[in-house]
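The values are calculated or read from the model by the stated rules, or taken from the named source; none is laboratory data. All of these numbers come straight from a predicted model, not from anything done at the bench. Neighbour counts run over all protein chains shown; Cβ positions are idealised from the backbone, glycine included.
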Amino acid sequence: MSACVTFEDLTLGYNSHPAVHHLNGVVRSGSLTAVVGANGSGKSTLMKGIVGVLKPIAGGCRVAPRVKLAYLPQQSELDRSFPARVVDLVSLGLWPRRGLLGRHRIEDREAVAKALSSVGLEGFDKRPIDTLSGGQLQRTLFARVLVQDADLILLDEPFNAIDARTVTDLIGLIKRWHGEERTIMVVVHDLELVRQHFPEALLLARRSVAWGDARKTLAPENLLRARQFHEAWDNDASWCAPEDGRGDAHAHDGSGKQPPQAEQADRGGAA
Amino acid sequence: MLALYDYLIGPFVEFAFMQRALAGALLLSVSACPVGVFLMLRRMSLTGDAMAHAILPGAAVGFLLYGLQIVPMTLGGLAAGVIVALGAGAVARLTIQKEDASMAAFYLISLALGVLIVSLRGSNVDLMHVLFGTVLALNNDALSLIGTITVVTLAALAIFWRALVAECLDPLFLRSVSQLGPPVHFVFLGLVVFNLVGGFQALGTLLSVGLMMLPAAAARFWTSRVEPMCLLAVVIGAASCISGLLLSYHASLPSGPAIILSAGVVYIFSILAGTRGVLATRVRPTAHRIA
């Protein structure tokens, strides 16, 4: 199995405080991974790092060449008051194919219509986006991801404030993508959902606590370990030494809280 | 019928200066109004105002060195506007400060500098001239300048349309699929400066932003799509120019304010009567659909 995304000692953060700390591992092409962890554990930051809108503080994050990427952010900067229709928003997904100047052809318009019907929004194409409900907007954004036809799909908390039926529909779409050999990473909070539907999971607590088979990753001892991580920034945290950066000698990480097995779990997931 | 002709068409047929004024104002409408629509949709309406002040010191330097000459004043205004736009944009993108604050800081500095420079030479009459423009005294140089600005603006809008819409609608999405986001922002700010500089000869620095923003703001009340909104803004802008020039001619009013006030009347009418205006959205409908 080839690597789609490779993390090499990746540290991402804000104001030199790490939000993702020394992450190593490989996301295999065609894998479906749930990214779980408490608030502030670095899930969204990791997504931004993969997309490239956030540059690493240290280490690197490599996306395999010629991989087309689609990203559905948690806090969308979408301006819902902008005078656009559903079809205009979904058509943005044609950008990777047509770019700035390429004409939208008949097959493109068909792709948009097909995507809308796949998410159950037939007949909504002319609706202004400011009249959509939260669930309808999320379906619209999924349709845009469909149109993007990407190899690597990153979804950041796509099920927030979404009703059960819509979640079921969207999970169905994600499984369809998985069947089409696309690589998918989804930030999810509902652990039961992960156990049911996701083959693999990455448990983050700023660093990777466990990564691999979803049920094993979400085992009680791993969850307990993840909970021990404290969320608040310590402004006066000492600097992470460049040499032994990956060891357990992190004064600012709560030294000794993370037994060596955690590192092994990392590698297990990567293998 | 004849009286109507004399009132509406006559002045433009009879006087060359009215024809020039009309041509200049119509060209400006075609160019500035769509830019205004995007300014409004990006919630940067007041940025246009700030930029209009920001071009003053450049125009003033041209005025100081060459007197009331269109080319040096325009080039100066363009330079000052670009410096302020890039400076404010860079501060907003590279530091924690947001664009509204950095823009306010830069334009206030710029405006004070401009007033200072103008006062070094001319009298208050000159200052009024720079601030409020002279659409009735457009010469060939000014007309060809406005023509050039119109062509460049329309070409840039046509090329960058999709990126502009994407930048307004979902900037984070654009950043995830393309590197065009930041450049498009600066191209757009450049267009704003360009059009304000074009407008300032005709309407003055203070009122040129009016022709940009008022038709756009009025058009927002009539349609919920971008393309028709731009077209409607152009139509409203052009109608305001014609009406303003006629008012100015028949009632001996200053032309710039007459044009802007005409657009203001359309704006207030649109607030009330527009299909998305007060009456249409506030009045409780008598019937509703079942779904």
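Per the listing A:Val51, A:Val67, the residue uniquely crowded, with 20+ Cβ neighbours inside 10 Å, touching a residue at least 60 places away in the same chain (Cβ under 8 Å), within 14 Å of another protein chain (Cβ to nearest Cβ) and touching a Leu at 6+ places or on another chain (Cβ under 9 Å) is A:Val51. Set side by side, the residues B:Met51, B:Met73 differ, and just one is in contact with a helix residue (DSSP H, G or I) (Cβ under 7 Å, 6 or more places away or on another chain), under 30 Å from A:Asp130 (Cβ atoms) and buried (at least 24 other Cβ atoms within 10 Å of the Cβ), which is B:Met51. Tally the residues that are surrounded by 10 or more Cβ atoms within 10 Å (Cβ to Cβ) and either more than 20 Å from the chain's Cα centre (by Cα) or more than 29 Å from B:Gly204 (Cα to Cα) (or both), restricting the search to region B:249-266. So the count comes out to 3. Within region B:267-291, the residues that satisfy the criterion of being part of a helix (DSSP H, G or I) and surrounded by fewer than 20 Cβ atoms within 10 Å (Cβ to Cβ) are B:Ile268, B:Phe269, B:Ile271, B:Leu272, B:Ala273, B:Val278, B:Leu279, B:Ala280, B:Thr281, B:Arg282.
Residue count for region B:172-195, restricted to those that are facing another protein chain (nearest Cβ under 7 Å), surrounded by fewer than 19 Cβ atoms within 10 Å (Cβ to Cβ) and outside any loop (DSSP other than H, G, I, E, B): 1. The residue list B:Gly244, B:Gly264, B:Gly199, B:Gly237 contains one member that is part of a helix (DSSP H, G or I) and at pLDDT below 90, which is B:Gly199. Sub-7 Å Cβ pairs linking a first residue in region A:101-129 that is away from chain B (no Cβ under 14 Å) to a second residue that is of a type in the set (Lys, Arg) and surrounded by 14 or more Cβ atoms within 10 Å (Cβ to Cβ), at least 6 apart or interchain, are A:Val119/A:Arg139; A:Gly120/A:Arg139; A:Leu121/A:Arg139, ordered by first then second residue. Can you name the residue in region B:161-171 that is among the hydrophobic types (A, V, I, L, M, F, W, C) and within 7 Å of chain A (Cβ to nearest Cβ) and is also nearest to A:Leu78 (Cα to Cα) among such residues? Ranking the qualifying residues of region B:161-171, first place goes to B:Leu169. Within region B:196-236, the set of residues being within 14 Å of another protein chain (Cβ to nearest Cβ) and either hydroxyl-bearing (Ser, Thr, Tyr) or in contact with a strand residue (DSSP E or B) (Cβ under 9 Å, 6 or more places away or on another chain) (or both) comprises B:Thr223, B:Ser224, B:Arg225. Applying the criterion of being hydrophobic (A, V, I, L, M, F, W, C) and closer than 18 Å to B:Val177 by Cα to the residues of region A:76-92, the residue that is farthest from the other protein chains (Cβ to nearest Cβ) is A:Val90. Annotation note: of B:Ala79, B:Ala90, the sole residue that is aliphatic (A, V, I, L, M) and at pLDDT below 85 is B:Ala90.
Of everything listed in (1) within 13 Å of another protein chain (Cβ to nearest Cβ); (2) farther than 22 Å from B:Val177 by Cα; (3) under 16 Å from the mean Cα position of the chain (by Cα), the single unmet condition for A:Ala150 is (2). For A:Gly25, the conditions (1) under 16 Å from the mean Cα position of the chain (by Cα); (2) on the phi > 0 side of the Ramachandran plot; (3) within 14 Å of chain B (Cβ to nearest Cβ) all hold with the exception of (3).
Of the numbered criteria (1) more than 24 Å from A:Arg225 (Cα to Cα); (2) assigned by TED's automatic domain parsing to the domain that holds A:Thr183; (3) out of contact with any Phe, Trp or Tyr (no Cβ under 6 Å at 6 or more places or on another chain), the one A:Gly13 fails is (1).
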